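> Got a structure for you, written out below as structure tokens; questions coming shortly.
The values are calculated or read from the model by the stated rules, or taken from the named source; none is laboratory data. All values reported here derive from a predicted model rather than from experimental measurement. Cβ coordinates were reconstructed from backbone atoms using ideal geometry, including for glycine residues, and neighbour counts include every protein chain displayed. Just so you know, the surface numbers come from the protein's heavy atoms only, side chains and all, with ligands and any DNA or RNA stripped out. Shrake-Rupley method; radii C 1.70, N 1.55, O 1.52, S 1.80 Å.
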Amino acid sequence: MTDAALEVEQRREIDRSQMTVSDEVAIQITEMNKWFGSFHVLRDINLTVYRGERIVICGPSGSGKSTLIRCLNALEEHQAGRIVVDGTELSSDLKNIDTIRSEVGMVFQHFNLFPHLTILENCTLAPLWVRKTPKKEAEETAMHFLEKVKIPEQADKYPGQLSGGQQQRVAIARSLCMKPRIMLFDEPTSALDPEMIKEVLDTMIELAEEGMTMLCVTHEMGFAQAVANRVIFMDQGQIVEQNEPKEFFNNPQSDRTKLFLSQILGH
Amino acid sequence: MSDTHAQTVRFVRDSMIEPQEPPISETGVIRWVRENLFSGWLNILLTVVSLAVIYFALSHLLPWFLQMVWNAGSLSECREIRNERYGPDAASACFAVIRERWHQLLFGFYPVEAYWRAVLGFVVFLAGMSPVLFTSLPRKLLWASAATPFVCYALFWGGSIWGPVATALGFAIGAGAYSLGFRAGGKLAASIAAIVVPILYWLFLAGPLARALTGIAPIGLPFIPSDDFGGFMLSTIIGLSAILLSLPLGILLALGRQSHLFIINKVSIGFIEIIRGVPLIVWLFTASLLLNYFLPPGTNFDLMLRVIIMATLFSSAYIAEVVRGGLAALPSGQYEGADSLGLDYWQSMRLIILPQALKISIPGIVNTFIGLFKDTTLVVFIGLLDPIGLSNSIRATTEWNGIYWELFVFIGVLFFICCFSMSRYSIYLERKLQRENR
Ligand SMILES: Nc1ncnc2c1ncn2[C@@H]1O[C@H](COP(=O)(O)OP(=O)(O)OP(=O)(O)O)[C@@H](O)[C@H]1O
Ligand SMILES: [Mg+2]
């Protein structure tokens, strides 16, 4: 567990009043397989995510975590099986894909902000062009979420003028501006210094407290213990083990999981 | 620092040292010269050699240039004046030829009484393009830019103004067809309607409409055929039209070459490679000779228009490759960021990818444009009277037989001014974009 994540946990009590899991299905993955050429990256993935769940996905490098999460908004195409997101099946129909993408927010390891647009423009772009929101309303929403991630004063700067942690918080705000019902995070903190990891994790915890459905690839085990209600361990393109965090960390079942946990927590 | 040391040697400064001028050897001209010209034996040697070369060149050129003759009716008159003033064998530039023939070099055989139209046309063009070139101007003015080509046509060629008006109307019809098609059958139907309807209109309706309107209200300037166009004006019209048209076409080709759609991808690659792999002069001959075989007999397809089309296609292939470089230089995260927000293909290209890719490509694009602009002089080989062609015909007259340098210096200076402005503009644009998003 990194120091930063520990600190997050110790610093404040997490408000669990709204962190409730409903029995409504948000994402349903059945028998999903994916190949890169002849390389079988994802094998027989079955996963049901309920609304309000906060799932942390971990596993060794190259195990297919990113690929799995990228399949959920069709950044990668799957070749077999079904993925149903928010009631819409992901097929090659472009219209479905664009609908799902506008309902599902994604935060990347390297932020992927648009460097030629200001922070505010980054945040209003998709609402303006995809949702056709009026400009004034889009800007108000953007400022609301920028305040939420605590950087309203940076609105007129360009991404290149912000620190890594600030950029990642802008990226989160940018996704939130589309009012997504599901948020995907792909190692949102692994390109950041410890000091910045904390501020980004804080933002993510706040999001969890509001009941957002979250799938998060991360190695911040403190975060997993604090907010996740399920931890999924992947290896070689398969889901090896999943459990609630306490059980997962204290009582791992498979040998692979034990090995992985000893490596990541041991030192 | 040990404790004892700190106590035995105490030091507190009570008067501060004021800043002082650096020593004379470290400032101003002397320092600059020493650092830049005489900083080592090799540099001293190079400086001396360079100065010698510059002196040699100037000592031959300057007398020729400074002892110029402006008032003469022919080369022999020039020589007489020179003999009188500077003595025989003195180097002397006979700029009298420019004084007498400048209008031909600039306008070709364009009617003298219509020179104002050409000049006004270029002024309108520059004014009309300024909202495109300088983003600080109000965006509403872009509508004026869109109208500029039609106004310029009406000025340069003249004829009934209803011709350009009817042509421009086609674009409005296309926009109308798009929004109707969008309501009726979605994006694809709208795109097809926006292409097919205007083309049908231009083929079958625009001509009769223009004629009918001319019959009702014959407004317009006297018509001047393309054959009368010449000189630097011809080069500029061909060059600027090709520049304007080849940028959008080149961008589309670059996107096509990146496309995952098999047909579009292969067609773009084929087009780019074929056009790029054959010299421009061959394409120009194709335009002037071969195209007539393919067209139905009797159709007279303006040679200048054919040349503009060929030059456009030619430079669009180069632009496509430059833009492709810009597209490839963008990190894939930009594409994914745009996709993950739900932007569709054209939105992400227009809003995210192209602004960044074009910014990277500016030097290459301007480089291509400068090359294209100078290559317009090749039209002399298919019988168009560009400045080079005119200089040939001027030298063919008895008065000016035997004069070379003065004409070429003049033409060279004209081209240099244009190309240098383009280069400066590109630097301005790069700086501005860099300032905007660091
Ligand atoms: N576009 C691609 N083409 C071919 N192979 C790929 C591609 N993307 C990923 N892979 C391979 O698929 C496997 C899974 O990659 P993925 O990025 O999902 O791993 P990961 O679990 O996210 O690893 P990390 O923790 O290092 O991010 C890796 O072996 C990788 O080399
Ligand atoms: Mg990854």
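> When the residues of region A:158-213 are filtered to those that are of a type in the set (Ser, Thr, Tyr) and within 16 Å of ligand 1 (Cβ to nearest atom), which remaining residue is surrounded by the fewest Cβ atoms within 10 Å (Cβ to Cβ)?
This residue is A:Ser190.
> Looking only at residues that are within 13 Å of A:Met178 (Cα to Cα) and among the basic types (Lys, Arg) in region A:130-156, which one is farthest from ligand 1 (Cβ to nearest atom)?
A:Lys132
> Does region B:379-438 hold any residues that are open to solvent by 80 Å² or more (accessible area, probe 1.4 Å) and within 26 Å of B:Ile365 (Cβ to Cβ), and which are they?
Across region B:379-438, the qualifying residues are B:Phe416, B:Ile417, B:Phe420, B:Arg424, B:Tyr428, B:Arg431, B:Gln434, B:Arg435, B:Arg438.
> When the residues of region A:37-52 are filtered to those that are open to solvent by less than 10 Å² (accessible area, probe 1.4 Å) and away from ligand 2 (no atom under 14 Å from the Cβ), which remaining residue is farthest from the other protein chains (Cβ to nearest Cβ)?
A:Gly52
> Sticking with this structure for a sec: Looking for whichever is of a type in the set (Phe, Trp, Tyr) and under 17 Å from the mean Cα position of the chain (by Cα) here; the options are B:Phe416, B:Phe410, B:Phe381. Which one fits?
Going through B:Phe416, B:Phe410, B:Phe381 in turn, just one is of a type in the set (Phe, Trp, Tyr) and under 17 Å from the mean Cα position of the chain (by Cα): B:Phe416.
> Hey, another quick one. Every residue in region A:63-78 that is open to solvent by 10 Å² or more (accessible area, probe 1.4 Å) and more than 6 Å from ligand 1 (Cβ to nearest atom), please.
Correct list: A:Arg70, A:Ala74, A:Leu75, A:Glu76, A:Glu77, A:His78.
> Given the options A:Pro60, A:Pro127, name the one that is in contact with a Phe, Trp or Tyr (Cβ under 7 Å, 6 or more places away or on another chain), farther than 17 Å from B:Gln334 by Cα and either within 16 Å of ligand 1 (Cβ to nearest atom) or open to solvent by less than 20 Å² (accessible area, probe 1.4 Å) (or both).
Sole residue among the options that is in contact with a Phe, Trp or Tyr (Cβ under 7 Å, 6 or more places away or on another chain), farther than 17 Å from B:Gln334 by Cα and either within 16 Å of ligand 1 (Cβ to nearest atom) or open to solvent by less than 20 Å² (accessible area, probe 1.4 Å) (or both): A:Pro60.
> For region B:14-44, enumerate the residues that are of a type in the set (A, V, I, L, M) and surrounded by fewer than 11 Cβ atoms within 10 Å (Cβ to Cβ).
B:Met16, B:Ile17, B:Ile24, B:Val29, B:Leu42
> Do you know which residues across region B:210-266 are crowded, with 19+ Cβ neighbours inside 10 Å, assigned to a helix (DSSP H, G or I) and not hydrophobic (A, V, I, L, M, F, W, C)?
Those that are crowded, with 19+ Cβ neighbours inside 10 Å, assigned to a helix (DSSP H, G or I) and not hydrophobic (A, V, I, L, M, F, W, C): B:Gly231, B:Ser235, B:Thr236, B:Gly239, B:Ser241, B:Ser246, B:Gly250, B:Gly256, B:Arg257.
> What number goes with the only condition from (1) assigned to a helix (DSSP H, G or I); (2) more than 30 Å from B:Pro208 (Cβ to Cβ) that B:Leu137 does not pass?
Among (1) assigned to a helix (DSSP H, G or I); (2) more than 30 Å from B:Pro208 (Cβ to Cβ), the lone unmet condition for B:Leu137 is (1).
> So if I check each of B:Ile360, B:Ile319, B:Ile365, B:Ile352, which one is farther than 30 Å from B:Trp102 by Cβ and facing chain A (nearest Cβ under 10 Å)?
B:Ile352
> Checking A:Asn229 against (1) under 19 Å from A:Ser102 (Cβ atoms); (2) away from ligand 1 (no atom under 16 Å from the Cβ); (3) open to solvent by 10 Å² or more (accessible area, probe 1.4 Å), only one condition comes out false. Which one?
(1)
> Note down all Cβ pairs under 6 Å where the first residue falls in region A:81-104 and is away from chain B (no Cβ under 13 Å) and assigned to a strand (DSSP E or B), the second is surrounded by 15 or more Cβ atoms within 10 Å (Cβ to Cβ) and of a type in the set (S, T, N, Q), and they're at least six residues apart or on different chains.
From region A:81-104, the pairs are A:Gly81/A:Asn33; A:Val84/A:Gln28.
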